[in-house]
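**Q** After the structure tokens below, expect a handful of questions from me.
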Amino acid sequence: MTGEILPIRSDSPHYVGALRLRYEVFVVEQAVPADIEVDELDEGAQHFVVLDGDEVVATMRIVPYGDALKVGRVAVRKDLRGTGLGRRLLEEAIRVAAAQGARALVLNAQVAAAPFYRKLGFVEEGPIFDEAGIPHTRMVRRMT
Ligand code: COA
């Protein structure tokens with residue numbers, strides 16, 4: 001595995017692999033309803049994947065959010081967690097946000113994952129709320 005982060009769109013064959021990994025992580029592992037895992041923002045989003053051969057082992061998506069960018073659907077295959085792939089994905093998001101002149105990067109973090117995002121410069125903003133039965137907190141990383 002090279003660990004290279006590949007930007008793709010939803011017409012890429014690797015998008016199917018990204019959806020497969022997201023299904024495994026969010027729907028099977030975390031019991032998020034399948035009908036909300038893929039939403040209307042997916043088709044136009046910028047997706048990123050890390051491949052092991054042909055298999056997608058890590059993914060995230062970025063969508064426009066006013067003068068900021070919103071990161072979502074961050075998922076690393078279970079057996080590869082803790083090896084730095086999540087960090088590399090978020091570092092790529094930060095690079096993309098800087099290159100596009102975005103004011104900030106925002107995301108809705110699962111509360112359990114907030115320490116991971118804090119390490120990448122995100123800070124919690126506002127109350128904890130429920131999304132798909134999982135407690136979430138809004139987190140922001142200002143770029144300017
Ligand atoms: N709690 C506390 N610290 C965490 C953490 C967690 N849940 N997950 C990662 N970290 C820390 C690591 O220890 C590491 O710290 P270090 O740099 O001091 O060594 C740092 O964050 C980077 O870790 P990394 O190995 O890059 O994280 P990862 O590849 O395991 O990816 C997730 C993190 C959350 C994306 C991954 O665990 C995952 O896919 N989880 C399931 C899906 C999910 O919950 N996604 C988030 C939705 S908001």
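The values are calculated or read from the model by the stated rules, or taken from the named source; none is laboratory data. The shown structure was predicted, so the numbers you read here are calculated from the model rather than taken from an experiment. Because the Cβ atoms are built from the backbone with ideal geometry, glycine has one as well, and the counts that use them run over all protein chains shown.
**Q** Would you pick out the residues in the stretch 95-111 that are under 14 Å from the mean Cα position of the chain (by Cα) and assigned to a strand (DSSP E or B)?
**A** If the condition is that a residue be under 14 Å from the mean Cα position of the chain (by Cα) and assigned to a strand (DSSP E or B), then Leu105, Val106, Leu107, Asn108, Ala109, Gln110 are the ones that fit.
**Q** Right, next: May I ask you to say which residue of Val27, Val32 is part of a helix (DSSP H, G or I) and over 26 Å from Ala104 (Cα atoms)? Let's see the steps before the verdict.
**A** Details: Val32 fails: part of a helix (DSSP H, G or I).
Step by step, each of Val27, Val32 is checked, and only Val27 is part of a helix (DSSP H, G or I) and over 26 Å from Ala104 (Cα atoms).
**Q** On to the next question. Could you list all residues from the stretch 11-32 that are of a type in the set (Ser, Thr, Tyr) and under 15 Å from the mean Cα position of the chain (by Cα)?
**A** At the first step, the residues of the stretch 11-32 found to be of a type in the set (Ser, Thr, Tyr) are 12, 15, 23.
Across the stretch 11-32, the qualifying residues are Tyr15, Tyr23.
**Q** Taking the stated definitions as given, is Leu120 part of a loop (DSSP other than H, G, I, E, B), within 23 Å of Thr2 (Cβ to Cβ) and more than 7 Å from the ligand (Cβ to nearest atom)?
**A** Numbers: part of a loop (DSSP other than H, G, I, E, B): yes; within 23 Å of Thr2 (Cβ to Cβ): yes; more than 7 Å from the ligand (Cβ to nearest atom): yes.
Answer is yes for this residue.
**Q** So, Gly72, is that one out of contact with any Cys (no Cβ under 6 Å at 6 or more places or on another chain), closer than 22 Å to Asp35 by Cα, at pLDDT 95 or above and not β-branched (Val, Ile, Thr) or not? Spell out the reasoning first.
**A** Working: out of contact with any Cys (no Cβ under 6 Å at 6 or more places or on another chain): yes; closer than 22 Å to Asp35 by Cα: yes; at pLDDT 95 or above: yes; not β-branched (Val, Ile, Thr): yes.
Criteria met by Gly72.
**Q** Please note which strands (runs of 3 or more DSSP E) are completely contained in the stretch 37-88 and include at least 2 residues that are free of Cβ contacts under 8 Å to residues at least 40 places away in the same chain. Let's see the steps before the verdict.
**A** Numbers: elements: 46-52, 55-65, 68-76.
Of the strands (runs of 3 or more DSSP E) lying wholly inside the stretch 37-88, those with at least 2 residues that are free of Cβ contacts under 8 Å to residues at least 40 places away in the same chain span 55-65, 68-76.
**Q** Among the residues of the stretch 90-101, are any surrounded by 14 or more Cβ atoms within 10 Å (Cβ to Cβ) and among the basic types (Lys, Arg)?
**A** The answer is no; no qualifying residue exists.
**Q** Consider the stretch 121-141. How many of its residues are more than 18 Å from the chain's Cα centre (by Cα) and touching a residue at least 40 places away in the same chain (Cβ under 8 Å)?
**A** Of the residues in that region, 1 qualify.
**Q** Could I ask something else about it? Which one of Val123, Val106 is in contact with a Lys or Arg (Cβ under 8 Å, 6 or more places away or on another chain) and loosely packed, with under 15 Cβ neighbours inside 10 Å? Step through it out loud before you land on a result.
**A** Numbers: Val106 fails: loosely packed, with under 15 Cβ neighbours inside 10 Å.
Step by step, each of Val123, Val106 is checked, and only Val123 is in contact with a Lys or Arg (Cβ under 8 Å, 6 or more places away or on another chain) and loosely packed, with under 15 Cβ neighbours inside 10 Å.
**Q** I've got another one for you. Of everything in the stretch 76-94 that's among the small types (Gly, Ala, Ser) and near the ligand (Cβ under 7 Å from one of its atoms), which residue is nearest to Arg20 (Cα to Cα)?
**A** Filtering the stretch 76-94 down to residues among the small types (Gly, Ala, Ser) leaves 82, 84, 86, 93.
Okay, now just the ones that are also near the ligand (Cβ under 7 Å from one of its atoms), so 82, 84, 86.
Values: Gly82: 21, Gly84: 21, Gly86: 17 Å.
Ranking the qualifying residues of the stretch 76-94, first place goes to Gly86.
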